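First comes the structure, then the notes that go with it.
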Amino acid sequence: MQTTLESVHARDCGTCSLCCKVYDVPSVQSVAGVWCQYFKRGTGCSIHATRPQHCRDFFCDWILHPELPDTWKPEIAKFVLTTDPATRNMIVQVDPGARGAWRAEPYYSQIKAWSRLALEQKRSVFVFVNKNLTVVLPDRDVELGQMKPDETVRFRRETRNGRDHIEVWKEQVNAPPPQSFNAFTATMR
Ligand code: SF4
Ligand code: SF4
């Protein structure tokens, strides 16, 4: 969305525009999975000077974290990585034209490592293709399907047969949270 970077960030979007495809941007009637009507191949945003504040404010983790190698640049990786500033959940928003890209290396091993770290802190790593959610756990990936605006994700950590097990499910955000010391809710965006 930042065809000309107007910030102090160390990196420039350059030829990348993937965030103009993978997210809903209601103010320009843009729907996740389809290029924004104002995106023009080769030149980027055709309303750059007057683009919505939402677009001006957006920076993906590749821009914000110079330690991420160039292979993580969204136009190369085929997904946009962000970290929710409030919940610290990591969001991998995948280009629906390359929906398996996040499972390729070097990405998958690193995403799994982030999942292990996040769960220790009662956070999570979420992979979205449009509105379809896969929760990444250290030992498996759980497909929860399409998320509605009033749904959230719950986790329960328990020991089964002497082994650590994490149960994950979705439910209405207003449903009573599980009454267990080892249960937690990963608030959605
Ligand atoms: S208005 Fe411009 S910057 Fe915003 S999503 Fe559309 S093309 Fe991208
Ligand atoms: S996805 Fe990141 S690098 Fe690509 S255009 Fe958007 S902010 Fe820039």
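FYI, it's all coordinate maths here, none of it is from the lab. Note that this is a predicted model, so its numbers are computed, not measured. So basically every Cβ, Gly included, is an ideal-geometry build from the backbone, and we count neighbours across all protein chains shown.
Taking the beta-carbon count within 10 Å as an exposure proxy, list 163, 99 from fewest neighbours to most.
Fewest-to-most ranking of 163, 99: 163, 99.
How many Lys pairs in the chain lie less than 23 angstrom apart by Cα atoms, where the lysines are 8 or more positions apart or on different chains?
Lysine pairs meeting the criterion: 20.
Could you calculate the contour length gain from residue 87 to residue 108, that is, 0.36 nm times the residue separation minus the distance between their Cα atoms, to one decimal place in nm?
Additional length available on full extension: 5.4 nm.
Please report 169, 35, 114 as a ranked list, fewest other C-beta atoms within 10 angstrom at the top and most at the bottom.
169, 35, 114
Once the piece of chain linking residue 141 and residue 40 is laid out straight, how much longer is it, given 0.36 nm per residue of separation minus the C-alpha distance between them?
32.8 nm is the gain from fully extending residue 141 to residue 40.
What residue among 75, 171, 120 has the largest mean-square fluctuation in a Gaussian network model of the chain, using Cα springs under 10 Å?
Answer for the Gaussian network model of the chain: 120.
If you wrap the chain's Cα atoms in a convex hull and average its projection over all directions, what's the area in nm²?
11.6
Report, in degrees rounded to the nearest 10, the 0 to 90 angle that the Cα long axis of helix 107-120 makes with the longest principal axis of the chain.
50
Taking neighbour Cβ counts within 10 Å as the exposure measure, how do 30, 109, 124 sort from fewest upward?
So the ranking, lowest neighbour count to highest, is 109, 30, 124.
Extension gain residue 174-residue 98, at 0.36 nm per residue separation less the Cα-Cα distance, in nm?
Result for the pair: 24.0 nm of gain on full extension.
Between 43, 83, 15, which gets the highest mean-square fluctuation from a Gaussian network model of the chain, Cα cutoff 10 Å?
Ranking 43, 83, 15 by mean-square fluctuation puts 43 first.
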